[in-house]
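Rule-based calculations on the coordinates, nothing more; no lab input. Just so you know, these numbers come straight off a predicted model, no measurement behind them. Cβ atoms come from the backbone with ideal geometry, glycine included; neighbour counts cover every protein chain shown.
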Amino acid sequence: MATKIGIASDHAGKELKQLIAEFVKMKNFDVIDYGVAVDSEKSVDYPDYAAILAADISGGKLDFGVLICGTGIGMCITANKFPGVRAASVWDEFTAKMSRAHNDANIICLGARALNHHRAAELVNLWLDTPFEGNRHKARLEKIREIEKKLCVR
Ligand code: RB5
């Protein structure tokens, strides 16, 4: 079964979303677009789009997610409210690589107003190609899971 990637943005990220979706399809992933539609004229609220995608990561319907807003920050804050979500705000090669290798991030958050679009695609490529290192990092993720269990209903 192909790896499933969800992608969502607000109005600030819709053009970059389109570009990243095409790029990820070329890498033979299954891409599910959660909106906002690229031809939409509306200004929309990033928490609405982060929440529908993050819920599907949390529920195991998606393997990975890409969330895009102006800075990537609002999407990241929202997505990390969901149990099992490890969303990372990424802005360069180092943060792209480390968020996968050490944190096993399952959502990458990008700032469409902060990054050159070609560069953003390169970062997604690196992020998707970087495996989780496991070992000592696994125990740290387990600690995050324990915190979630104490604080979250699910
Ligand atoms: C929208 O203007 C902007 O606030 C949003 O895209 C994002 O940057 C929020 O974190």
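In degrees from 0 to 90, rounded to the nearest 10, what is the angle of the helix 14-26 Cα long axis to the longest principal axis of the chain?
Approximately 70 degrees, to the nearest 10.
Treating the beta-carbon of each Lys and Arg as +1 and of each Asp and Glu as -1, no other charges, what is the dipole magnitude of the chain about its Cα centre, to the nearest 20 debye?
640 debye
Could you tell me the distance between the Cα centroids of region 64-78 and region 80-154, to the nearest Å?
Result: 11 Å between the Cα centres.
Using only Cα atoms, find the angle between the long axis of helix 136-151 and the longest principal axis of the chain, and express it within 0 to 90 degrees, rounded to the nearest 10.
Once rounded, the angle reads 80 degrees.
Hey, quick one: spin label on R140, modelled 7 Å out along Cα-Cβ, who in region 97-116 has an amide N within reach, i.e. under 20 Å?
Those under the cut-off are 97-109.
Considering only D56, D104, D39, give the residue with the highest GNM mean-square fluctuation for the chain, with springs between Cα atoms whenever their separation is below 10 Å.
D39
From the phi angles alone, apply the Karplus equation (6.51, -1.76, 1.60; θ = phi - 60°) to region 127-134 and give each ³J(HN,Hα) in whole Hz, x where the residue is Gly or Pro.
After applying 6.51 cos²θ - 1.76 cosθ + 1.60, I find 4, 5, 8, 9, x, 6, 7, x Hz.
What does the net charge come to around K143 if you take all other residues with beta carbon closer than 14 Å to its beta carbon, with K and R at +1 and D and E at -1?
Net local charge, K143 excluded: +3.
When ranked by the protection proxy of mean other Cβ atoms within 10 Å per residue, highest first, what sequence do the peptides 106-116, 130-140, 20-30, 42-52 form?
Final packing ranking: 106-116, 42-52, 20-30, 130-140.
Counting Lys +1, Arg +1, Asp -1, Glu -1, what net charge surrounds D104 among other residues with beta carbon under 15 Å of its beta carbon?
+3
Summing -39500 (n - 2.57) over the DSSP H runs of n ≥ 4 in the chain and dividing by its residue number, what mean residue ellipticity at 222 nm do you reach, to the nearest 500 deg cm²/dmol?
That comes out to -14500 deg cm²/dmol.
So, counting K/R as plus one and D/E as minus one, what does the shell of residues with Cβ under 10 Å around K4 add up to?
Residues near K4 contribute -2 overall.
Over all alpha-carbon pairs of region 13-71, lay out the pair-distance distribution in 10 Å bins, whole %, shortest bin first.
Each 10 Å bin holds this share of Cα pairs: 21, 55, 24, 0.
Please report, for the Cα atoms of the chain, the Rg to one decimal and the Dmax as a whole number; what are they, in angstrom?
Computed over the Cα atoms of the chain, radius of gyration and Dmax are 14.6, 47 Å.
What Kirkwood radius, in Å to one decimal, follows from the Cα pairs of region 63-154?
This gives a value of 13.5 Å.
One quarter of the convex hull surface, Cα atoms only: what value does that give for region 66-110 in nm²?
Projected over every direction and averaged, the Cα hull of region 66-110 covers 2.7 nm².
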